[in-house]
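Heads up: the structure comes next, in structure tokens.
The values are calculated or read from the model by the stated rules, or taken from the named source; none is laboratory data. What you see is a predicted model; the values in this text were computed from it and never measured. Cβ atoms come from the backbone with ideal geometry, glycine included; neighbour counts cover every protein chain shown.
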Amino acid sequence: MIDEEQKFGVAAKEKLRGIQVNVDTLTLTATPIPRTLQFSLMAARDLSVMRTPPPNRQPIHTERRVFSEDLIKEAIFYEVNRGGQVFFVHNRVNGLDEMAAMIKNICQGVDVAIAHGQMESKQLEDTLINFIDGKFDVLVCTNIIETGLDIPNANTIIINNAHQFGMSDLHQLRGRVGRSNKRAFCYLFAPPLSVLTQDARKRIQTLEEFSDLGSGFQIAMKDMDIRGAGNLLGAEQSGFIADIGYETYQKILEEAIIELKENEYKELFEDENAKKTVYVRDVDIDTDIEMLIPDDYVTNINERLALYTRLDSLETEEDITKFAGMLDDRFGKIPNQVRELFDGLRIRIISKKLGFERIVLKNRKMNCYFISNPKSSFFESALFQKLMKFISSDGVKHGFTLKQTTSYLIMTRENVKYLRDAKNLLETVLAYVKEEE
């Protein structure tokens, strides 16, 4: 059982798991690292989210501010006057004495203590116990307080140079306050947004936006969006996936695995390849026919992008029919460009079943490109044999011809004007293949 999982590297966690063979692992964290979160989202690991806070807890009011002695004085006196205590986090040991002196100077009569990891253990323990007992009003410290402290009376935290902390660190530090039924405050001191790096700006804004109880999961999702999901097969906990997107990465990874199964490790997966029925993961449709969701039909760009994402996941005629009904209900009569888009989807679905990875429909001519990899098990399958039989017999009646180039094997058909006509022709081919089965 690994608590505060975000503090462990991949190598450390694998070493712990290596102590015992076939060990079950439970990791606990308020903010999963991007790599762990991505594993959970793609169902490689089970994920349970606990969202119910303890009774009487209140959200922590979070504000981003520029360093201000007046604000520090106001925040400390407000907390002390209502009987509470304050954390002042400054993650530089060399500057703690200076910060403590500044607070003593502007907040006369307030008792201030200092705590950091370079202190003698006995001295550090005594300082924290005295703070818990209420002998000090303000604890000036490093992020040593990040985990493990439960001090219900401390309900204001000021984090200096918050832009230098990671998002998980900030969320954990913020969690040191608000552990009672009192309203808690968190002040994130950082330079103006205009001078921060893009990632630092996003981190600070995320902490401000997600301040409700149980918001760690949303913060982790934003962290994954900012840093990327890392290397799923290596030790990097975050990284380059942000540059290409999660779905693209998974698509590339899946294609690489398929290629290894069909080439380098072909003998090991001979039985699996023989049972394989789908050889194409995606189909590229190249046409001069306009197929899209017009701007004047769905005016909001984010809504259009969401609709395109949903369209990409449709796999059956029933799915397309339901989606068309939803569009008609929400946006009105479906325009021709969208109907052409639906026909393009139907062509993609049929092409996957037939082993075409690219369809080109231009100048009233349809070219259907077979899988480009000549070593693919598709060319040894029963499906390919049936397609060759169709082209040499019924295909001639329907105007199909076969053409071989240096890179591709292409099935061609002249006089195809619309996507609807192309769909009907491909359905004829599919019907023949199924009949042969």
Go through the stretch 276-308 residue by residue and tally those that are over 16 Å from Leu426 (Cβ atoms) and not in a loop (DSSP other than H, G, I, E, B).
-> 8
Pro34, sole failed condition from (1) in the same structural domain as Thr147 (by TED's automatic domain parsing); (2) touching a residue at least 60 places away in the same chain (Cβ under 8 Å) = (1)
Evaluate the stretch 149-170: report whether one residue or more is farther than 22 Å from Gln6 by Cβ, in contact with a strand residue (DSSP E or B) (Cβ under 8 Å, 6 or more places away or on another chain) and among the aromatic types (Phe, Trp, Tyr).
-> no
Wholly within the stretch 40-126, strands (runs of 3 or more DSSP E) carrying at least 1 residues that are surrounded by fewer than 16 Cβ atoms within 10 Å (Cβ to Cβ), in contact with a helix residue (DSSP H, G or I) (Cβ under 7 Å, 6 or more places away or on another chain) and touching a residue at least 40 places away in the same chain (Cβ under 8 Å) | 60-65
Among Asn143, Asn155, which is the only one that is within 15 Å of Val177 (Cβ to Cβ) and touching a Ser or Thr at 6+ places or on another chain (Cβ under 8 Å)?
-> Asn155
Unique match (being among the polar types (S, T, N, Q) and within 21 Å of Ala30 (Cα to Cα)) among Ser68, Ser48 | Ser48
Go through the residues of the stretch 14-34 one by one and say whether even a single one is modelled with pLDDT of 80 or more, outside any loop (DSSP other than H, G, I, E, B), basic (Lys, Arg) and within 30 Å of Lys104 (Cβ to Cβ).
-> no
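So that you can scan it fast, the table gives a plain yes or no per residue for (1) out of contact with any strand residue (DSSP E or B) (no Cβ under 8 Å at 6 or more places or on another chain); (2) surrounded by 12 or more Cβ atoms within 10 Å (Cβ to Cβ); (3) modelled with pLDDT under 70:
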position: Gly228; (1), (2), (3): yes, yes, yes
position: Leu232; (1), (2), (3): yes, yes, yes
position: Ile244; (1), (2), (3): yes, yes, yes
position: Glu264; (1), (2), (3): yes, no, no
position: Phe269; (1), (2), (3): yes, yes, no
position: Lys276; (1), (2), (3): yes, yes, yes
position: Arg281; (1), (2), (3): yes, no, no
position: Pro294; (1), (2), (3): yes, yes, no
position: Ile301; (1), (2), (3): yes, no, no
Sole exception among (1) within 23 Å of the chain's Cα centre (by Cα); (2) modelled with pLDDT under 85 for Leu314, by number | (2)
